[in-house]
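The values are calculated or read from the model by the stated rules, or taken from the named source; none is laboratory data. Source: prediction; values computed, not measured. For neighbour counting, all protein chains shown are included, and Cβ atoms are generated from backbone atoms with ideal geometry for every residue, glycine included.
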């Protein structure tokens with residue numbers, strides 16, 4: 001795996017935050033056959049197979065949660081790629097703290113305005 005430490009840290013922070021508020025997921029996160037390295041590998045393989053170049057935070061976090069929820073999911077092979085993270089862990093803490101209000105507002109904005117991303121391929 002060649003994902004940046006920042007990408008791994010953001011995913012890990014989100015998973016830990018979710019585990020703090022969801023006791024069922026906290027147990028899921030402790031599964032012996034799961035780890036953050038394979039979680040990141042799974043995300044990268046899922047992104048690559050989609051053929052898309054950009055993902056919303058919630059989509060990526062959803063992939064991480066899906067990896068931990070499913071017992072028989074395979075991470076796939078290691079991928080050497082560049083991952084762009086649009087915020088730091090400190091920013092992530094603020095986003096998680098403000099999530100309920102921002103989540104609703106973001107959905108309203110996204111429905112009204114198309115998202116245009118000029119970004120080169122991650123793969």
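Brief remarks follow.
- Residue match in the range 90-103 (condition: in contact with a helix residue (DSSP H, G or I) (Cβ under 9 Å, 6 or more places away or on another chain), exposed (fewer than 13 other Cβ atoms within 10 Å of the Cβ), modelled with pLDDT of 75 or more and more than 21 Å from residue 23 (Cα to Cα)): no
- Residues of the range 30-44 that turn out to be more than 16 Å from residue 79 (Cα to Cα) and either out of contact with any helix residue (DSSP H, G or I) (no Cβ under 7 Å at 6 or more places or on another chain) or without any contact (Cβ under 8 Å) to a residue 40 or more places away in the chain (or both), as a count: 5
- Unique residue being surrounded by 13 or more Cβ atoms within 10 Å (Cβ to Cβ), modelled with pLDDT under 85 and part of a loop (DSSP other than H, G, I, E, B) when the list is 79, 116: 79
- Total residues in the range 1-29 satisfying the condition of being touching a residue at least 60 places away in the same chain (Cβ under 8 Å) and part of a loop (DSSP other than H, G, I, E, B): the figure is 4.
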